[in-house]
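Any read-out appearing in this document is the output of simple, stated calculations on the displayed coordinates, not a laboratory observation. Remember, it's a predicted structure, so these values are computed and weren't measured experimentally. When we count neighbours, we look across all protein chains shown, and the Cβ atoms used for this are built from the backbone with ideal geometry, even at glycine.
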Amino acid sequence: MKIHEYQAKALLTRYGVTTPRGAPVFSAAEAAEATERLGAGRVVVKAQIHAGGRGKGGGVKVADDPATAARIAGEMIGMTLVTVQTGPAGRVVSRVLIEEGLDIATELYLGLLIDRAEQKPLFMASAAGGMDIEQVAADTPELIHKVHIDPGLGLAAFQARGLAEAIGLTGVPARKAAALMERVYAAFLAVDASMIEINPLVVTGAGDVLALDAKVTLDDNASFRHADLADLRDLAEEEPLEIEASKHELNYIRLDGTIGCMVNGAGLAMATMDIIKLAGGEPANFLDVGGGASAEQIKSAFQILLSDSKVKAVLINIFGGILRCDILAEGVIAAVTQLGVDVPVVIRMEGTNVDEGKRMIKESGLKCSTADSMGEAADVVVGLAAGA
Amino acid sequence: MAILIDARTRLLVQGLTGREGTFHARQAADYGTTVVGGVTPGKGGSTHDGFPVFNTVESAVRATGADASVLFVPPSVAADAVMEAADAGVALIVCITEGIPTLDMMRALAFLDGRTSRLIGPNCPGLISPDRAKAGIIPGHICREGRVGIVSKSGTLTYEAIHQLTRLGLGQTTCLGIGGDPLIGTSFIDALELFEADDDTEAVVLIGEIGGTAEEDAAAFIRASVRKPVVGFIAGQTAPPGRRMGHAGAIISGGQGTAAEKMAALSAAGVTVVNSPSEIGAAVAARLKPEDGVGVAAGTQSGV
């Protein structure tokens, strides 16, 4: 789960990580009040959306007084912010973070995630802060310093000191940065994060070390033990059809094409998207109904697919293992009869109870095409979508 | 021969009394697997569907001589169950459970480090050595005994590949799903090493997915150490970056883990990489043709 910058900072603060003083606000009036509360001086107004690159997109601005902060916040709230990470559609800003302006001497980078190959947490630090770290990694990998953490022992103090030195810190800022790293690691474990990124980590003129920006991604698999973090989810940042799908325990991702796909299993679902593309079509979605879907879930899946007006044809590709083909057929028949499907449907099913499933589809009198192989199914559905 | 499981395997089912455990223990036994019992804490001493139930893996192993365990336990306790099996000395641990927190898995893998157990998964369909034994959820009826090994990150896409092979008359030595999570026990490389050393395996199918660098690592290993023909497919050629495609591990991030990179790496290592998932079976058949002297001969020699 992705969360907003202000939420990430609040979480990190709980574990002792220093962040600038500030508050999230939802209106111009609140922005003025928040600026007052921070005292005299400059504030930064930051649009809160689940995407990076906000600065270049006009989502980060400074204000020297409450009236200016209110004006800027008023302009930002409700605007559609387009950044390199949002795609051309952009995201609507519903809240901004008002934060104290700082006297920044140095901008650094910190990142913490699980290294899949080493199967250990990996702390990354760089003196090249405030920039696109992926670009830094590609162009000047030597500027990124890495330390693997022993899962049993945790981040050792010497490792944190080593990283602080590697990114050019000495004296008090080095000590403060090392302490901050240990707190970031503690937060990572405590909230079951899958990634924490602080870009930039800043050293102020006074020698303080703070997380000026923060990105925290939480491991969805661990949400069962973090009921207190559930309300950090911002549904406005998610695609409505994807939210609807998640209610039915379906895994749906909306894409831009015209061919709706319903598949069981993530790998087969991706492969089905691939074969549609090879046949000259474009998939409208990724949809994995899971290993043991019920007839009811199949129906919901159909409903979600058809809610996308771009869909011109539907391909159902099911390899029955636990999910039996007769259950699939039952769900499809119910959906088509009750929902009044007016786009062509191609069904390819194989595996457990396939003959029974095929018989049910045939006897139902549904107008749909069947195919024996994935390749054939893709060719047929692409042809139908083009003709529609 | 086959890899990892065969007719001698003595299989334990952790989470036997649950819905999935009950169903798949019966399926495995009906397939001919020697299922020696199950573990459900608190239900020890009873029998379930004819199988003896134990409170702990240790007591189950002591009583039954189990050397493999398949796990159908809830995600919140699955990593603990993996560690319990390893602590009891179970040689092969197959974790089917999906949705285990990454940090739990990280700790379980650290626990396994230095112990003798091999972990398959988690979030995988398990494995089957056709006509011998199975541990997991791969449907037995689509498989047939033969000479092709399969290793895959996916579940149903593995069934698809098995089905294509079986239809072409190409049976399998062992079909192995290693799982689609970021952290897993047995890797592509481990599986390739086992298939390369297995006398009966003449060709290997490798099915990867976007995300991570396991396929690139496998390519380097194949180039250096695999002489048998390998056919590869990577799912997710059309997946957009930054979106997680179902499996926790299937995400293109930081420009890394794209299908194109993986396919190029595998091709460069001599793997026949198919663009379409419907061509997997035919590509294996082509690589196994008698005139493909290199592949087949190498497969035979490696067992000598």
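At-a-glance table
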| item | result |
| --- | --- |
| About the Cα centre, charge dipole magnitude for chain A (Lys/Arg +1, Asp/Glu -1 at Cβ), debye | 340 debye |
| Packing-based exposure ordering (other Cβ within 10 Å, fewest first) of B:His163, A:His226 | A:His226, B:His163 |
| Distance from segment A:166-213 to segment B:71-116 (C-alpha centre basis), Å | 33 Å |
| Radius 14 Å from Cβ of A:Leu210, net charge of other residues (Lys, Arg +1; Asp, Glu -1) | -3 |
| Residue exposure sequence - A:Asp379, B:Asp6, B:Asp198 - by fewest surrounding Cβ within 10 Å | B:Asp6, A:Asp379, B:Asp198 |
| Amide H contacts of A:Glu282 (H built 1.01 Å from N, under 5 Å, at least 5 apart or other chain) | A:Thr258, A:Ile259 |
| Cα-based shape type of chain A, given that a ≥ b ≥ c are square roots of the gyration tensor eigenvalues and the cut on a/c is 1.5 | prolate |
| Segment A:173-260: Cα Rg divided by the 2.2 N^0.38 Å rule of thumb | 1.51 |
| Using a Förster distance of 60 Å, the FRET efficiency for A:Ala138-B:Ser59 (Cβ separation, nearest 0.05) | 0.65 |
| Partner lysines for B:Lys289 [C-alpha distance under 19 Å; skip if fewer than 8 residues away on the same chain] | B:Lys228 |
| Segment A:178-218 - convex hull of alpha carbons, volume per residue in Å³ | 56 Å³ |
| Net charge contributed by nearby residues that have their C-beta within less than 11 Å of B:Val61 (K/R +1, D/E -1) | -2 |
| Estimated FRET transfer efficiency (A:Leu339, A:Glu75; beta-carbon r; R0 60 Å; 0.05) | 0.90 |
| Backbone HN-Hα couplings from phi across segment A:151-159 [Karplus 6.51/-1.76/1.60, Hz, Gly and Pro as x] | x, x, 8, x, 6, 7, 4, 5, 5 |
| Approximate shape of the protein assembly as shown as ellipsoid semi-axes (Cα gyration tensor, √5λ), whole Å, largest first | 45, 31, 24 |
| Of all DSSP beta bridges in the protein assembly as shown, antiparallel share, percent nearest 5 | 50 percent |
| Using a Förster distance of 35 Å, the FRET efficiency for A:Glu100-A:Ser246 (Cβ separation, nearest 0.05) | 0.40 |
| Proxy reagent accessibility, fewest Cβ within 10 Å first, across A:Lys367, A:Lys9 | A:Lys367, A:Lys9 |
| Surrounding net charge for A:Val147, when Lys and Arg each add one and Asp and Glu each subtract one, Cβ distance under 14 Å | -2 |
| Across A:Lys146/A:Lys215; A:Lys2/A:Lys312; A:Lys46/A:Lys176; A:Lys299/A:Lys367; A:Lys299/B:Lys262; A:Lys277/B:Lys134, pairs whose alpha-carbon gap is larger than 28 Å | A:Lys2/A:Lys312; A:Lys299/B:Lys262; A:Lys277/B:Lys134 |
| Difference of contour (0.36 nm per residue) and Cα-Cα distance, B:Ala282 to B:Phe23 | 89.9 nm |
| Alpha-carbon centroids, segment A:249-319 and segment A:2-31: separation in whole Å | 38 Å |
| Global form of segment A:122-192, assessed from the alpha-carbon gyration tensor, a/c cut-off 1.5 | oblate |
| In Hz, Karplus ³J(HN,Hα) per residue of segment B:275-286 (6.51, -1.76, 1.60; θ = phi - 60°; x = Gly, Pro) | 7, 9, x, 7, 9, 4, x, 4, 5, 5, 4, 5 |
| Euclidean distance between Cα centres, segment B:260-285 to segment A:109-129, Å | 32 Å |
